[in-house]
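Student: Below is the structure I would like to discuss, written out as structure tokens.
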Amino acid sequence: MRHSPHLRLLVAAIPLLLGVLPRQSVSAKQAPPPGRGASELIAVVDGIPITNLEWDRLADPYFAEIEARAGRKLTDEEKGLLRKNVLNELVRERLWVADAKRRGFTATEAELDARLQRNDYFKTKGKFDPAKFREFKFSPASNYRQIVGQVQNAVLLDKYVAWMKARYAVPEAELRKEFVKRTAQASIRYLWLTPDVVSLEAQATVGQMRAYYDGHADEFKGAEEARLTYIRVPIETTGLTSDTLRAIARARALGAAKGLLASVKAARSADAAAREFGGVKDTGLFRVGEPIRGLGRSDALTNAIRAAQPKQWLPEPIGVGPDYVVARLEEHHEPAVRPFREAVGLAKRRADGLLREAQLDSLARLDYASRPDRYRVPLLRASVIARATDSFLDSRPASDHDIARALERIRRSSGIPDTAHAWADSVLKTLPDLVRKERRLDLAFKAMGEASARLKRGERPEEVARRFGATLDQVSIYQGQPPEAPSLVEGGLLDSLYKKSPGTLVGPRVLRDSVFVVRVTDVDAKFLPAYEAVRGIARAEAELMRRTETEKEAEGYFESHRERYRTPQRWAFDYVLFRKSKPDSVPVPEDSIRAYYDQHPLEFTVPARAHARHILIAYRPGDGPGARGAARKKALDLLKRVKDGEDFGALAREYSDDRDTAAKGGDLGEITRGEVAKEFGDFVFALKPGQTGELLESKYGFHIIRLEGMTPQRLRTLEECRAEIHGVLGEGVADSLARGEAAAFSAAASKPEARFEELAKPYGGASTSGPLARLEPIPGLGPLPAIESVIGSLPEGGVSHPIAVEAGYVVARLTSSVAPRPAVFREVKEEVLRDMLTERKRALADSIDAALAQGLRSGKDLETLALPLGGLRVSRFFPRHGPIPDLARDSLLSRDSTLYDEIFSSRSGNVLKPRTGSLGRLYAVVDSLIAPSPKQYAEHREELREELFEQRSAAWTDRLRAQGKIQIYRKDLKLE
């Protein structure tokens, strides 16, 4: 049963608070001295004191328990919060006792005796000793009379708690209603008329959507899903250093896995067979081919799933990471085509796309037909005669003279001196081949030159190619035509040939180990390619025509709303830029570097790094009142398994809810304290290497954390930091120098009769800026945020103080101000376009809204009405108090309690009242309502009952506190 921290603390601490359960008789001589000490007053509540002793008896064990749970010492801030917590509980207990007295509650002597007799002090050999109790009660030496008032308060407190539980008991019907309210979940199907839903472009009809859906069924298939149960057989390779030993370990694990598979196939209980391997695990439903929770991604497992039948064991164990897996296919769902109503949104997007493509293509074809000259290009026909350079042979050996000449030519072209003998020796080996290659090229150019001459004399290209053993390629290509294959005629050469006249010869040229010549046969300057060849250009032209037409409409809109549009205030000014030097170029004294290093050790401290693993068991408050308890129980079970020696990484892979680290065995890598949440970092860095801590609860859930290793923090040496410190200090020095120069210039330029241009010459002269508005950039400098407040506030001719910019400082002189005026269209074209289209969308949305409302009034189905707009979307599940995740960005709908009231008081299929949000109009129907099961209610009934009692009793206590008289004497204590 879950209790609030406050009530648990109070109920557990009643005996300690009152100090009435002695462990021995206390004589007057043994009583604490008056004044500061155990009997010192901390506070008085409605006449009932709180002493230092009572504080210590409650606070000391409470603080110790919290520190034990955290695994570290508490910070001063945390101790302050805990002190406030303890004080609130002590005050509440006394408020209750005072109210009990006002209500006439009494404590009889028998009740006082019974309260005292519960203390272990009055036991002898484990049993209550009446003689010992009588001696304490009636002995003049005992402190019975001093504490009887406190005992009476304890009895009254017990009675008051019982009275409140009766007064604030929650009736069963109310309890069940509250549980349903807290745990029920719902989803809706909705149409949200936001600007991104409404489009001014062509929209597909429902018939066109359906046709696309029917013709492209594969695009609307759901995911292939499966579910496995499996047993993991580990491959024990820890500590094995040789490949042979590891191979033996793998073979041993495979043998065990095969034996296990044979056993379960022979009808042995899988649970019994799997016990020694950690039991049977269930993957839950997963998408085939994607990572499987607890197992990760495995192509072998995916293939085996697709080859198996449901309710059968996979035929062989499968190696997955450090284990062999024996698996049974429980479910396998082949991809199925989703119903049209579920897929209509996607079908609409695809059909819209096709429709718009067709419209654009139609406009492009019209433009192609009506303006053919726009698409005419030159068509080239040419003959290309080519031969491979390697086919030219020169059998003469390379002479020493030829090699020497080649060496000298290379040396001169590379600028290498005559004395570089080592270089000469290194290239000599390659020179014979170079000489032979040059000879082949000479022969090639000579032969193709003769071929070119024959072509020029009018010989047919076929004859010339045959005479010189070359190939002939007849080229026909228009400008812009994509080449079908690599060609010798390409790039700049091809572009130049379009401008040549028939009969022109080009070459010989060399490209890609071929030598060739080109003869232009014909150039058709007005060739019209087929539409498909220029489709891209035509579509771009059609888009441009659309844009031009829209801009014409916008210009008309502008004329009708001219009064809305004005130019902004602008200012023209001259300015001088004082650039900051680069920080590393500014001299910084060594003693300054040393002083900075000594004064800022934290800047140069490399923080400690912890290598940690964790298992996260997450829960959400919206999951119901038992979510936290279930998550904690699961985490405690896992913690026990870890401490019993089970593999941490394997448990993390299977159970951790942290998807980023689960596949890595929970490995967080190395972290610093500041990289993670404070409570997480404090916990990790309080562990010792190899230690697994107790549970840590954070806002994400419960963590089981193991510290693998720790790298302690260290202070970097001065030498390591010198350049960094120089940069830091140099930045300040550079900034100060630039600002000082700018300030001096500003002061000088502000004097009467000062000549701004003359003063600016030593600094590179004055630059002039045309009229600029706020946030418009200065060329080369970017926007000047201070232009309005600093430059705009100057009189004409006035000089500004230094203005910081990224490059340094600017000093400006205002030359003129340009007042706002009515804008011309070109100045505000984009703004006008945006306004016009927004207004049209709003009008269209209003029209759709009216049509939907009329349709609903006439009895039509919302689902059918929404089909032309892409159908209704299904929301994610949400709790009774919301928000609906899909609508969370709408500030009105997300907080509309009437919407949630209507949903959860409806039935599945009920159409909800239309609502207007901050982003658009919402039409919706209740999709599903999930109420908790009787079993869930039974599990959490008492927990919820106690929680509601605590809420009501807390509210009652707040009333008592508001009416009571509370005096606090300790300065370090404050009430909430």
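Student: Would you pick out the residues in region 865-886 that are open to solvent by 70 Å² or more (accessible area, probe 1.4 Å) and free of Cβ contacts under 8 Å to residues at least 60 places away in the same chain? First the steps, then the outcome.
Tutor: Pass one, region 865-886, residues open to solvent by 70 Å² or more (accessible area, probe 1.4 Å): 873-874, 876-877, 881.
Residue satisfying the conditions is HIS881 alone.
Student: For region 615-661, what are the residues that are open to solvent by less than 10 Å² (accessible area, probe 1.4 Å), within 22 Å of the chain's Cα centre (by Cα) and not β-branched (Val, Ile, Thr)?
Tutor: SER656
Student: Here's a follow-up. Here is a list of conditions, (1) closer than 30 Å to PRO583 by Cα; (2) touching a strand residue (DSSP E or B) at 6+ places or on another chain (Cβ under 6 Å); (3) modelled with pLDDT of 90 or more; (4) open to solvent by 30 Å² or more (accessible area, probe 1.4 Å), and GLN713 meets all of them except one; can you say which number that is?
Tutor: (3) is the only condition that GLN713 fails.
Student: Which residues, counting only those in region 185-213, are in a loop (DSSP other than H, G, I, E, B) and either open to solvent by 50 Å² or more (accessible area, probe 1.4 Å) or assigned by the TED database to the domain that holds GLU93 (or both)?
Tutor: Our first condition is that a residue be in a loop (DSSP other than H, G, I, E, B); within region 185-213, this holds for 194-205.
Selection gives PRO195, ASP196, VAL197, LEU200, GLU201, GLN203, THR205.
Student: Also, quick follow-up: For region 905-915, check the following and say yes or no: at least one residue is touching a strand residue (DSSP E or B) at 6+ places or on another chain (Cβ under 7 Å), within 28 Å of GLY629 (Cβ to Cβ) and open to solvent by 40 Å² or more (accessible area, probe 1.4 Å).
Tutor: Of region 905-915, the ones touching a strand residue (DSSP E or B) at 6+ places or on another chain (Cβ under 7 Å) are 906-912, 914-915.
This time we only want the ones that are within 28 Å of GLY629 (Cβ to Cβ), so: none.
No, because not a single residue in region 905-915 is touching a strand residue (DSSP E or B) at 6+ places or on another chain (Cβ under 7 Å), within 28 Å of GLY629 (Cβ to Cβ) and open to solvent by 40 Å² or more (accessible area, probe 1.4 Å).
Student: Can you say whether LEU112 is over 30 Å from ALA686 (Cα atoms), open to solvent by less than 10 Å² (accessible area, probe 1.4 Å) and touching a helix residue (DSSP H, G or I) at 6+ places or on another chain (Cβ under 9 Å), as far as the supplied structure shows? Break it down stepwise before answering.
Tutor: Values: over 30 Å from ALA686 (Cα atoms): yes; open to solvent by less than 10 Å² (accessible area, probe 1.4 Å): no; touching a helix residue (DSSP H, G or I) at 6+ places or on another chain (Cβ under 9 Å): yes.
Criteria not met by LEU112.
Student: So, of the residues in region 792-806 that are small (Gly, Ala, Ser) and open to solvent by 30 Å² or more (accessible area, probe 1.4 Å), which turns out to be farthest from PRO771 (Cα to Cα)?
Tutor: The selected residue is ALA804.
Student: Among the listed residues LYS751, LYS664, LYS688, identify the single one that is under 24 Å from the mean Cα position of the chain (by Cα) and either under 30 Å from ILE791 (Cβ atoms) or open to solvent by 20 Å² or more (accessible area, probe 1.4 Å) (or both).
Tutor: Values: LYS751 fails: under 24 Å from the mean Cα position of the chain (by Cα); LYS688 fails: under 24 Å from the mean Cα position of the chain (by Cα).
Going through LYS751, LYS664, LYS688 in turn, the sole match is LYS664.
Student: Turning to a different aspect of this structure: Answer yes or no: is there a residue in region 358-373 that is modelled with pLDDT under 90, open to solvent by 20 Å² or more (accessible area, probe 1.4 Å) and either touching a strand residue (DSSP E or B) at 6+ places or on another chain (Cβ under 9 Å) or assigned by the TED database to the domain that holds ARG250 (or both). Even if it seems obvious, please write down each step before you answer.
Tutor: Keep residues of region 358-373 that are modelled with pLDDT under 90, which gives none.
No, the conditions are met nowhere in region 358-373.
Student: Is it fair to say GLU942 is open to solvent by 40 Å² or more (accessible area, probe 1.4 Å) and over 35 Å from the mean Cα position of the chain (by Cα)? Working first, answer last.
Tutor: Details: open to solvent by 40 Å² or more (accessible area, probe 1.4 Å): yes; over 35 Å from the mean Cα position of the chain (by Cα): yes.
When the stated conditions are applied, GLU942 passes them.
Student: On to the next question. Of (1) on the phi > 0 side of the Ramachandran plot; (2) not in a loop (DSSP other than H, G, I, E, B), GLY859 satisfies all except one. Which?
Tutor: Unmet for GLY859, out of (1) on the phi > 0 side of the Ramachandran plot; (2) not in a loop (DSSP other than H, G, I, E, B): (2).
Student: Of all residues in region 237-285, how many are closer than 25 Å to GLY645 by Cα, in contact with a Pro (Cβ under 9 Å, 6 or more places away or on another chain) and either open to solvent by less than 30 Å² (accessible area, probe 1.4 Å) or acidic (Asp, Glu) (or both)?
Tutor: 3
Student: Identify the residue in region 824-855 that is touching a residue at least 60 places away in the same chain (Cβ under 8 Å) and farther than 30 Å from GLU549 by Cα and, among all such residues, is least open to solvent (accessible area, probe 1.4 Å).
Tutor: The qualifying residue least open to solvent (accessible area, probe 1.4 Å) is LEU852.
Student: Follow-up. So ARG774 fits all but one of (1) in contact with a Phe, Trp or Tyr (Cβ under 7 Å, 6 or more places away or on another chain); (2) under 26 Å from ARG570 (Cβ atoms); what number is the exception?
Tutor: Failed condition: (1).
Student: Right, something else. Would you please name the residue that is farthest from PRO317 (Cα to Cα), looking only at residues in region 214-236 that are open to solvent by 80 Å² or more (accessible area, probe 1.4 Å) and over 36 Å from the mean Cα position of the chain (by Cα)?
Tutor: Quick first cut of region 214-236, residues open to solvent by 80 Å² or more (accessible area, probe 1.4 Å) only: 214, 218, 221, 236.
Among the residues that remain, those that are also over 36 Å from the mean Cα position of the chain (by Cα) are: 214, 236.
On the way: ASP214: 42, GLU236: 16 Å.
Out of the qualifying residues, it is ASP214.
Student: While we're on this one: Given the condition part of a strand (DSSP E or B) and polar (S, T, N, Q), answer yes or no: does some residue in region 935-949 qualify?
Tutor: no
Student: If you don't mind, there's one more thing I want to ask. Is it the case, given these coordinates, that LYS73 is outside any helix (DSSP H, G or I) and closer than 30 Å to ARG706 by Cβ? So that I can check it myself, show each step before the final result.
Tutor: Working: outside any helix (DSSP H, G or I): yes; closer than 30 Å to ARG706 by Cβ: yes.
Here the answer is yes, as LYS73 does meet what is asked.
Student: Filter region 148-173 down to the residues that are free of Cβ contacts under 8 Å to residues at least 24 places away in the same chain, of a type outside the set (A, V, I, L, M, F, W, C) and open to solvent by 60 Å² or more (accessible area, probe 1.4 Å) and list them by number. Steps first, answer last, please.
Tutor: Let us first name the residues in region 148-173 that are free of Cβ contacts under 8 Å to residues at least 24 places away in the same chain, namely 149, 162, 166-167, 171-173.
Then drop every residue that is not of a type outside the set (A, V, I, L, M, F, W, C), which leaves 149, 167, 171-172.
Within region 148-173, ARG167, PRO171, GLU172 qualify.
Student: Out of all the residues in region 230-249, which are among the basic types (Lys, Arg) and over 18 Å from LEU295 (Cβ atoms)?
Tutor: Within region 230-249, the first condition is being among the basic types (Lys, Arg), and the residues that meet it are 232, 246.
ARG246 - this is the single residue of region 230-249 that is among the basic types (Lys, Arg) and over 18 Å from LEU295 (Cβ atoms).
Student: So for region 918-926 (the condition being closer than 26 Å to ALA351 by Cα, open to solvent by less than 40 Å² (accessible area, probe 1.4 Å) and not in a strand (DSSP E or B)), does at least one residue qualify?
Tutor: Checking region 918-926: at least one residue is closer than 26 Å to ALA351 by Cα, open to solvent by less than 40 Å² (accessible area, probe 1.4 Å) and not in a strand (DSSP E or B).
Student: With the structure loaded, tell me whether SER894 is touching a residue at least 12 places away in the same chain (Cβ under 8 Å), polar (S, T, N, Q) and surrounded by 14 or more Cβ atoms within 10 Å (Cβ to Cβ) or whether it fails that test. Lay out the reasoning, then the answer.
Tutor: Numbers: touching a residue at least 12 places away in the same chain (Cβ under 8 Å): yes; polar (S, T, N, Q): yes; surrounded by 14 or more Cβ atoms within 10 Å (Cβ to Cβ): yes.
Against the criterion (touching a residue at least 12 places away in the same chain (Cβ under 8 Å), polar (S, T, N, Q) and surrounded by 14 or more Cβ atoms within 10 Å (Cβ to Cβ)), SER894 qualifies.
Student: Anything in region 667-683 that is surrounded by 15 or more Cβ atoms within 10 Å (Cβ to Cβ), within 20 Å of the chain's Cα centre (by Cα) and without any contact (Cβ under 8 Å) to a residue 12 or more places away in the chain? List them, or say none.
Tutor: VAL676
Student: Wholly within region 454-568, which helices (runs of 4 or more DSSP H) include no fewer than the required count, namely at least 1 residues that are hydroxyl-bearing (Ser, Thr, Tyr)?
Tutor: 491-497, 535-560
The values are calculated or read from the model by the stated rules, or taken from the named source; none is laboratory data. Predicted model, so just to flag it, every value in this text is computed and none were measured. Cβ: placed from backbone, ideal geometry, glycine included. Neighbour counts: every protein chain shown. Calculation scope for accessible area: heavy atoms of the full protein, side chains included, ligands and nucleic acids excluded. Shrake-Rupley method; radii C 1.70, N 1.55, O 1.52, S 1.80 Å.
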